[in-house]
Amino acid sequence: MQVVRNAGSWLLRLWVWPPTTRVAVAGVPAPTIHTSAQQMQDAAVKPEVEKAKAPAPAPNPSSFSIYPPIPGQESSLRWAGKKFEEIPIAHIKASYNNTQIQVVSAAHQPLARASCGTEGFQNAKKGTGIAAQTAGIAAAVKATGKGVTHVRVVVKGLGPGRLSAIKGLTMGGLEVISITDNTPIPHNGCRPRKARRL
């Protein structure tokens, strides 16, 4: 039992404190310790650049961002050759009783429209996630028929079909590049309705 316990603690020590290894890259002295993959790539590329004697511009890692650009700011990101501002927008209005989806171009020209009611759901079934997903698939199919491949999504409302509609858009063949929540929030505006009696 003691042997198993010692072996377990030895494995645990190896797992918690990994030994530092020295990595030798071609053209770099062995005592140098590289701690990150970026440093190893830089060390491997450096001799090749010196051999080529061609000054190639190095990519600037600080210029890349996963976030969409600020309005008015130029970005190098392109989706199917289009800038962020030129990509169509899918507006999703998710109320408690229905979910409506409309895809418009960057110039706000309507391209496709679908809702849970137009897809054949009636009464209480319109306010479900399955109905919203079906409406999303239908809107995506109509939009792809008009040449749309990427969309920006703007969601408004707190209904049960918020996420299901986005999932339906992706299942229908559209690629979602950004999701924006545009739900109106009152700052103590109108007086709310009286509480329901159950």
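A residue that is at pLDDT below 95, under 21 Å from Ala165 (Cα atoms), hydrophobic (A, V, I, L, M, F, W, C) and surrounded by fewer than 17 Cβ atoms within 10 Å (Cβ to Cβ) cannot be found anywhere in the range 48-59. Set side by side, the residues Ala131, Ala114, Ala80 differ, and just one is within 25 Å of Ala143 (Cβ to Cβ) and modelled with pLDDT under 85, which is Ala80. Scanning the range 76-101 for residues that are touching a His at 6+ places or on another chain (Cβ under 8 Å), not hydrophobic (A, V, I, L, M, F, W, C) and not in a strand (DSSP E or B) yields a count of 1.
Is it true that Ala94 is touching a Pro at 6+ places or on another chain (Cβ under 7 Å), open to solvent by less than 80 Å² (accessible area, probe 1.4 Å) and aliphatic (A, V, I, L, M)? No; evaluated as a whole, the condition is false for this residue. Being modelled with pLDDT under 95 and hydrophobic (A, V, I, L, M, F, W, C): is that true of Val176 here? Yes; evaluated as a whole, the condition is true for this residue.
Tallying residues that are open to solvent by 10 Å² or more (accessible area, probe 1.4 Å) and part of a helix (DSSP H, G or I) within the range 151-170 yields 6.
Yes/no matrix, rows are residues, columns are (1) open to solvent by less than 20 Å² (accessible area, probe 1.4 Å); (2) under 28 Å from Pro186 (Cα atoms); (3) more than 17 Å from the chain's Cα centre (by Cα); (4) among the hydroxyl-bearing types (Ser, Thr, Tyr):
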site	(1), (2), (3), (4)
Phe84	no, no, no, no
Ala90	yes, yes, no, no
His108	no, yes, yes, no
Gly120	no, no, yes, no
Asn123	no, no, yes, no
Ala140	yes, no, yes, no
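Scanning the range 155-180 for residues that are of a type outside the set (Ser, Thr, Tyr), closer than 19 Å to Gly127 by Cα and under 19 Å from the mean Cα position of the chain (by Cα) yields Val155, Lys156, Gly161, Arg162, Leu163, Ala165, Ile166, Lys167, Gly168, Leu169. Arg191 meets the conditions (1) open to solvent by less than 100 Å² (accessible area, probe 1.4 Å); (2) more than 12 Å from Ala90 (Cβ to Cβ) in every case but one. The failed one is (1).
The values are calculated or read from the model by the stated rules, or taken from the named source; none is laboratory data. Computed from a predicted structure; not experimentally measured. We place every Cβ from the backbone using ideal geometry, glycine too, and count neighbours over all the protein chains shown. Note: accessible area is taken over every heavy atom of the protein model, side chains too, but ligands, DNA and RNA are not part of it. Shrake-Rupley method; radii C 1.70, N 1.55, O 1.52, S 1.80 Å.
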